[in-house]
């Protein structure tokens with residue numbers, strides 16, 4: 001009998017990337033409810049949607065990801081990133097189904113000097129990071145077993161609004177752009193993260209009768225700054241736009257960004273025998289997909 005998998009946030013970058021991959025998945029039926037069908041800002045809507053359904057896995061790709069906006073609307077960020085996640089985890093627990101939840105590097109303060117491992121101390125610096133951390137904690141409290149939490153960073157894709165698409169647009173319009181060079185991390189192509197999620201769904205360990213809930217880190221391999229990332233986008237797209245390096249203090253934003261958010265992926269690679277592509281190779285595939293669109 002095929003597994004039924006409900007994906008929240010189906011209109012976002014990761015949700016759309018998953019949607020594009022799962023058509024050929026044998027033995028799985030993926031459902032992508034719309035906002036009208038499942039509104040995570042409304043607990044009544046959440047209850048009503050799930051009480052009618054029989055399912056095996058919930059994959060929560062939904063999030064309030066407007067980092068600066070979250071500073072001025074903390075209640076909305078907390079509702080989507082924490083309270084709705086808590087409710088989803090309780091539903092998954094009561095139905096004894098699996099739960100995969102996507103979190104963020106913003107749970108850390110960005111002051112590390114080596115890639116973050118899952119057990120490093122968390123210390124979010126803003127509303128967004130705090131709401132996502134509370135979501136993680138709610139999952140762990142509601143589901144000591146059968147849940148996977150994946151922290152990721154710098155997500156981009158051929159869908160929605162993101163750094164890559166912004167750079168492509170501005171690069172065609174301007175001769176020079178200034179981009180921050182003192183924030184270091186790793187870009188994550190949503191298509192690769194979607195593949196990793198499907199890999200986990202099909203993994204033997206994930207399909208055991210019961211497994212302990214665990215946090216994992218996933219981004220593409222390698223390290224760069226936003227300045228390096230912008231240069232790579234223009235180089236691979238043959239766009240003649242000069243990039244000037246600036247410091248974070250020269251580009252103030254309402255929310256504080258982590259200066260260092262490189263994630264150590266050893267745990268997820270070891271547990272799920274997973275190969276992770278290098279960030280520049282992933283970027284090239286995304287740019288190709290954008291041209292095809």
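The values are calculated or read from the model by the stated rules, or taken from the named source; none is laboratory data. Bear in mind that the values here come from a model prediction, so they are computed numbers and not experimental data. Don't worry about glycine lacking a Cβ; one is built from the backbone with ideal geometry, like all the others, and counts go over all protein chains shown.
Structure notes:
- Test: residue in the stretch 107-117 that is in contact with a helix residue (DSSP H, G or I) (Cβ under 6 Å, 6 or more places away or on another chain), more than 27 Å from residue 251 (Cβ to Cβ), modelled with pLDDT of 95 or more and in a helix (DSSP H, G or I): no
- Within the stretch 264-279, residues that are within 12 Å of residue 203 (Cβ to Cβ) reach partners that are in a loop (DSSP other than H, G, I, E, B) with beta carbons closer than 7 Å, at six or more positions or on different chains, in the pairs 268/218; 268/274; 272/203.
- Residue selection: residue 143 satisfies the criterion of being in contact (Cβ under 8 Å) with a residue 60 or more places away in the chain and within 14 Å of residue 101 (Cβ to Cβ).
- Residue within the stretch 236-244 that is on the phi < 0 side of the Ramachandran plot, without any contact (Cβ under 8 Å) to a residue 24 or more places away in the chain, in a helix (DSSP H, G or I) and surrounded by fewer than 18 Cβ atoms within 10 Å (Cβ to Cβ) present: no
- Pairs meeting the criteria (first residue in the stretch 3-18 and on the phi > 0 side of the Ramachandran plot and surrounded by 21 or more Cβ atoms within 10 Å (Cβ to Cβ), second residue at pLDDT 95 or above and assigned to a helix (DSSP H, G or I), beta carbons under 9 Å, at least 6 apart or on different chains) are 9/15.
- Filter result for residue 179 (at pLDDT 95 or above, surrounded by 14 or more Cβ atoms within 10 Å (Cβ to Cβ) and more than 30 Å from residue 97 (Cβ to Cβ)): yes
- Matching option when the condition is assigned to a helix (DSSP H, G or I), in contact (Cβ under 8 Å) with a residue 60 or more places away in the chain, out of contact with any strand residue (DSSP E or B) (no Cβ under 9 Å at 6 or more places or on another chain) and over 21 Å from residue 207 (Cα atoms), among 172, 158, 136: 172
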